[in-house]
């Protein structure tokens, strides 16, 4: 499935180290994906969607800056959670043959979310 989505939307497998969201026939990455996901969450998170009016190059710059510093601010877990089968269906599997390279088990899945690329 992941290979099909990469091909259908013209996504570079090497550039999928971010969140990617597929909605219908559109694909979003980075800040666009994060804001569209926030819109669907509960609490105050939908309010962040108002930032969609900020030009993508500015949003993505801030998204990347935040991503680089998040572990310093919030820490990092010693182990990753193991997603349920239902959640795992929403991940793009790292297709070693399609990528033409070996993949480490730690990065065997990619999230789906973001801004058109």
No solvent, one uniform scatterer per C-alpha: report log10 I(q)/I(0) for the stretch 1-75 via the Debye equation at q = 0.11, 0.25, 0.27 1/Å, two decimals. -0.32, -1.24, -1.28
Length gained if residue 4 through residue 39 is fully extended, taking 0.36 nm per residue and subtracting the Cα-Cα distance, is 9.9 nm
Taking 0.36 nm per residue of separation between residue 53 and residue 89 and subtracting their Cα-Cα distance, the length gained on full extension comes to 9.8 nm
Determine, for each peptide in 63-73, 34-44, the mean count of other beta carbons within 10 angstrom over its residues, then list the peptides with the highest first. 34-44, 63-73
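Any read-out appearing in this document is the output of simple, stated calculations on the displayed coordinates, not a laboratory observation. Please read all numbers here as calculations on a predicted model, not as lab measurements. Reconstructed Cβ throughout: ideal geometry from the backbone, glycine too, with neighbour counts over all protein chains shown.
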